[in-house]
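Worksheet: one structure, shown below.
The values are calculated or read from the model by the stated rules, or taken from the named source; none is laboratory data. The model shown is predicted, which means the values in this text are computed figures rather than measured ones. Backbone-built Cβ (ideal geometry, glycine too); neighbour counts: all protein chains shown. For accessibility, only protein heavy atoms count, side chains too; no ligands or nucleic acids. Shrake-Rupley method; radii C 1.70, N 1.55, O 1.52, S 1.80 Å.
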Amino acid sequence: MSIPLFDVNSQEPLFDPEQRRTLAEAALRSITTSTARARGDDFLRILVKDLAIALDVQYVIAGRLIRMDDGSEGIRTLALWGGDGYRPNVEYSLQHTPCQNVTCQSMCFHGSDIQRRFPHDTLLVDMHAESYVGMPLIDTDGKTLGILSAIDTRPIDENKRLLALLLLSIFSARSAAELQHQERTLQLEEIVRQRTESLLMVQANLIEQEQMAALGSLVAGVSHEVNTPIGVALTAASSMGSYADQLVQLLGGAKVSRAELIDIAAVLKDAAALIERNLARAADLIGNFKQLAVDQVSEYVADLALHDYVHGLVSAHSPELRKAALGVELDIAPDCHVRLAAGKLSQILSNLLMNSARHGYPHGGPGRITIRARIEANAGAVDAGAGAAAVPWLLLEFSDDGIGLAPAVREHMFEPFFTTKRGQGGSGLGMHIVYTIVQQLGGQVSAVDGTPGCHIHIRLPLA
């Protein structure tokens, strides 16, 4: 409860100077205690109320200096006490107001007739103001941040002016510190936001580069792999030319042996079959790689015959897998059909295959990778709760019989830039790409503690 320092009607002091000093100290201690643990806007709200009570004035305003739409300076109130409660915060221009001098870092005091002195200040009219005391809020860099002002509907005499200036001077410094802290917090948050966005952009670019690099490494392997059947086909084609020359010579001779013609025809037939098989092998390799490349840059959702699709994808990786002496076994029903983003699925499996080839067998193969898949029709009902419509899920199990995952590796393997091949060409993005794509598709991925080898379980919702 406040103790008034002045007679409400006459504005005459009720106490002698010693008593006024004692009450001023009491008011200072009271406000200091009530605001000690408050911060930011909470501090300002407590402060304006306690100042209004201590000074026995109708209004106390704490406001921040802003730039108005027309370019002029203005105030946005952060806390406004008005007689019997808090008032809604407002914005107003400083033109033609007593606060205009406050922003120039000078104290402002008008003991009476404030409306007559500033007839264009509509806020004073709305408040029925008679007197005004204002103090600028100046930060440690000497910049004006806002104002702290006391306004009353009665005149303010010299005694109350001294008390008001004392309290406003003390608490304007604390208020300025709070505003400066808010500004620096906002600046820091903006810096963090900008840097976070930059890091996310860099990470996205690195992930894209990693995906392109993976395709690039496949190009070299596929090129080498395609050279073999094409070389065989070229050799067979050259042999066919020689046999064709022999056939022409026989036909141009005086006598033609039926047996010789049959032999040459058989050789030509075998060579043609050899050419056909090897060109078909080359075409198959190129087709698989082409489909893989197209899929990985596309988000098109398609109906997939899963066994054939995964088989083609594994074939596209056969050069790398053969180099690592790894075989792949598919445990997928021939009639398993799913509707998925083919490119996303191919990126997941590509990264898993390459992860096994590069990390699962540090001393080389032989090794075996197993890819299992099945559709679980009721998985969605478990996740969505009773009464929810069942959503079919594709359950993928990828495993190898390599060295497996240490607990520390299993814990961090899906984090970006985590790799056990630091300095040996590992980017630490392969498994993070798997995790990111699975999350984008609304699924879940986890590394299972399996011995021996690495075991990855993936669940993907099917549209």
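So here's what we get for this one:
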| item | result |
| --- | --- |
| Hits in segment 49-94 (condition: of a type in the set (K, R) and out of contact with any helix residue (DSSP H, G or I) (no Cβ under 8 Å at 6 or more places or on another chain)) | K49, R67, R76, R87 |
| Pair list, Cβ < 7 Å and 6+ apart or interchain, from segment 127-141 residues that are under 16 Å from I75 (Cα atoms) to residues that are polar (S, T, N, Q) and part of a loop (DSSP other than H, G, I, E, B) | P136/T103; P136/Q105; I138/Q105 |
| Every residue from segment 301-331 that is outside any helix (DSSP H, G or I), touching a helix residue (DSSP H, G or I) at 6+ places or on another chain (Cβ under 9 Å) and open to solvent by 10 Å² or more (accessible area, probe 1.4 Å) | V301, A302, L304, A324, L326, G327, V328, L330 |
| Odd one out for C336, checked against (1) within 22 Å of S446 (Cα to Cα); (2) surrounded by fewer than 21 Cβ atoms within 10 Å (Cβ to Cβ); (3) among the hydrophobic types (A, V, I, L, M, F, W, C) | (1) |
| Long-range neighbours under 8 Å by Cβ, at least six apart or interchain, first residue within 17 Å of H432 (Cα to Cα) and in contact (Cβ under 8 Å) with a residue 60 or more places away in the chain within segment 390-414, second among the hydroxyl-bearing types (S, T, Y) and assigned to a strand (DSSP E or B) | F398/T370 |
| Residues located in segment 137-162, provided they are surrounded by fewer than 24 Cβ atoms within 10 Å (Cβ to Cβ) and not charged (D, E, K, R) | I138, T140, G142, T144, L145, T153, P155, N159, L162 |
| Boolean, Q182 is open to solvent by less than 50 Å² (accessible area, probe 1.4 Å) and either without any contact (Cβ under 8 Å) to a residue 24 or more places away in the chain or under 51 Å from the mean Cα position of the chain (by Cα) (or both) | yes |
| Some residue of segment 114-130 being aromatic (F, W, Y) and either within 20 Å of V48 (Cβ to Cβ) or touching a Cys at 6+ places or on another chain (Cβ under 6 Å) (or both) | no |
| Subset of segment 95-111 [out of contact with any helix residue (DSSP H, G or I) (no Cβ under 7 Å at 6 or more places or on another chain) and open to solvent by 40 Å² or more (accessible area, probe 1.4 Å)] | Q95, H96, Q100, N101, C104, Q105, S106 |
| Selection within segment 1-60 - at pLDDT 65 or above, among the basic types (K, R) and part of a helix (DSSP H, G or I) | R21, R29, R45, K49 |
| Entirely in segment 87-149, the helices (runs of 4 or more DSSP H) that have 3 or more residues that are under 30 Å from H181 (Cα atoms) and not hydroxyl-bearing (S, T, Y) | 99-102 |
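Residue-by-condition table, conditions (1) small (G, A, S); (2) closer than 30 Å to A342 by Cβ; (3) touching a Leu at 6+ places or on another chain (Cβ under 7 Å); (4) at pLDDT below 80:
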site: S223; (1), (2), (3), (4): yes, yes, no, yes
site: N227; (1), (2), (3), (4): no, yes, no, yes
site: A236; (1), (2), (3), (4): yes, no, yes, yes
site: L251; (1), (2), (3), (4): no, no, no, yes
site: E260; (1), (2), (3), (4): no, no, yes, yes
site: A273; (1), (2), (3), (4): yes, no, no, no
site: A282; (1), (2), (3), (4): yes, yes, no, yes
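Listed here are the residues, each with its yes/no results for (1) modelled with pLDDT of 85 or more; (2) over 27 Å from A325 (Cβ atoms); (3) open to solvent by 60 Å² or more (accessible area, probe 1.4 Å).
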{"site": "L353", "(1), (2), (3)": "yes, no, no"}
{"site": "P366", "(1), (2), (3)": "yes, no, yes"}
{"site": "A389", "(1), (2), (3)": "no, yes, yes"}
{"site": "W393", "(1), (2), (3)": "yes, yes, no"}
{"site": "F417", "(1), (2), (3)": "no, yes, yes"}
{"site": "K421", "(1), (2), (3)": "no, no, no"}
{"site": "I433", "(1), (2), (3)": "no, no, no"}
{"site": "T436", "(1), (2), (3)": "no, yes, no"}
